[in-house]
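**Student:** Take this structure, written in structure tokens, and hold onto it; I'll ask about it next.
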Amino acid sequence: MTNLLLATTENTDNQNNQYTLLNDPEIASVVAHINEEHLDELLGFLSAFTSLSTAELALFDAQITDIYTKGIAIQTRSKNSEIQPAGAQNTSLHDQTFFIAFAAPISQLDDLQAQYILLKQRADKKLGKKTIKLTKQVFDVQSSYRVSKNMLRLELSMPSLDSDTLLNNTAQLSNAKGATSSTSVPTNEAGYAYLFDLEHNAMTNALTTDSTDNHKSDDSEKENIRLARPHCYYTLRKAWQADDEIRAWVDVFLHGDTPGGNWAAALQAGETVVTKREFPEKVEHLRDGQAVLIVDETSMPTAARLLELWNNPTPPLVICVTQDASDQSYFDTVKMRSGIDFDTENNGNNYFTVLPIVTNQPNSGAELATLIDSKLGDYLTDNPLQIDKVWGALEANTAKALRPLLKDRLGLSRTDVVVKVYWRHD
């Protein structure tokens, strides 16, 4: 296994001769998505699986150029491709391509995600970073209620771990209905995401209906319970220890007739919900400097937890985009780590500031990116702050259009402007 992951500086022509390209019409869009959304992961692969130093990698961006059956080709590019950075002549890294091998060859695009996740898990482990987990968790639903006009809070619980068990991440616990899961719920992380299994509840409801109607479905009927969107990501708003159990909040934005919103709204106390995958959010860069957080309804839960856990002597500026003005109240009860109330009124006497943007329409697209950039620009004209870091999470087209606007306005590197995709306007 020691030679499982290899890196070479062979040129692309040699690689084409040595490896077989994965052939699929969707490859180009997959490569574009990874390059736009996952730069930090590509740099992590180079850091973990090549001899490149942190100082060398700081000079470069990275992009996937090709996907092969046995691995991916990652090319290093100077952050300003027209200017050769200092030291690049010595390292000879500009426009160099590195081959990172999969744990096992793939034959079709459907297999790529599993191998990419394995690469990320191994890279993160080697770099000492938190990583994605392919873990089943089972929560009990305690209650649900609105915390703003369109934000539904799910109160969940699961059995608690004692101090000895906390040291063993493989501990197996059973919930109130006897369902077993492997559990480790983070109580001090912001933006921790769970992939919820919507089909679990569709199947459970179908079986309950069958039992009530004294009708037993055969296996073929059960197999036909397939949702248009069987899974959905939601952020862990908050988790804490309470007596002999762990309690958790998951806040779900209800916006029209959507699979996730319909699933959340239909949940009843006593039901179980199941998660199949989880991963931490990238917020480490916010530990110092003046930060701006840019959120919409899908990422407000992450921002709220960030504020509660804020570990930076400089308070952040928050740009909050909502379709409905009533949802701006979501932050009214949020308190900073210091215990100071987070106030949305910018009257000159408050320590923290939210810049509200109310659109009266779904929050997506390049026009919204321009509006956010303009709002920030107007604020900085009146309040000359030096913004050092950005974290945001928005709709895909908005995020794509906003990144270059912020880089140009703020003069920051791509690694300091982290604008994630939390949803897509389909």
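**Student:** Among S29, S184, S364, which comes first, second and so on when ranked by fewest other beta-carbon atoms within 10 Å? Please report the intermediate quantities before stating the final value.
**Tutor:** Values: S29 10, S184 16, S364 19.
The order, fewest Cβ neighbours first, is S29, S184, S364.
**Student:** Another question about this same structure. Working from the alpha-carbon coordinates of the range 275-338, get Rg over Rh, Rh being the Kirkwood radius.
**Tutor:** Here the Rg-to-Rh quotient is 0.98.
**Student:** How long is the gain from A114 to D244 if the chain were fully straight, where each residue apart is worth 0.36 nm and the alpha carbon distance is subtracted?
**Tutor:** Once the chain is fully extended between A114 and D244, it gains 43.2 nm.
**Student:** I would also like to ask the following. Of the cross-linked pairs K136/K400; K282/K407; K276/K400, which ones have a Cα-Cα span greater than 21 Å in the structure shown?
**Tutor:** Distance filter (> 21 Å) returns K136/K400; K276/K400.
**Student:** So, one more: If you rank Y234, Y379 by fewest surrounding Cβ atoms within 10 Å, what's the result?
**Tutor:** Least crowded to most crowded, the residues run Y379, Y234.
**Student:** Here's a follow-up. Would you list, by chain and number, the lysines whose Cα falls below 16 Å from the Cα of K335, excluding same-chain residues fewer than 8 positions away?
**Tutor:** Leaving aside lysines fewer than 8 places away in the same chain, those within reach of K335 are K238.
**Student:** On to the next question. Count the net charge of all other residues whose Cβ sits under 11 Å from the Cβ of K276, scoring Lys and Arg as +1 and Asp and Glu as -1.
**Tutor:** Value of the local net charge: 0.
**Student:** Neighbouring Cβ atoms within 10 Å as the yardstick, rank W391, W249 fewest first.
**Tutor:** Placing the least packed residue first, the sequence is W249, W391.
**Student:** Fully extended, how many nm does the chain gain between S51 and E199 (0.36 nm per residue separation, minus their Cα-Cα distance)?
**Tutor:** 48.9 nm
**Student:** Please compute the length gained on full extension between S107 and L134, using 0.36 nm multiplied by the number of residues separating them and subtracting their Cα-Cα distance.
**Tutor:** Net length gain for the segment: 7.5 nm.
**Student:** Averaging sequence separations of C-alpha pairs under 8 Å and six or more residues apart, then dividing by the length of the range 284-423, give the relative contact order as a whole percent.
**Tutor:** Working: 252 pairs, mean separation 38.7, N = 140.
About 28 percent, as a whole number.
**Student:** Under 16 Å from the Cα of K70, which lysines turn up, not counting those fewer than eight places away in the same chain?
**Tutor:** K120
**Student:** Which net charge results for the neighbourhood of G191, defined as the other residues with beta-carbon distances under 9 angstrom from its beta-carbon, given Lys and Arg at +1 and Asp and Glu at -1?
**Tutor:** +1
The numbers here are math on the coordinates, done by the rules we state, and not lab data. Because the structure is predicted, anything quoted here is derived from the model rather than measured. Here Cβ is always computed from backbone atoms with ideal geometry, including for glycine, and neighbour counts include all displayed protein chains.
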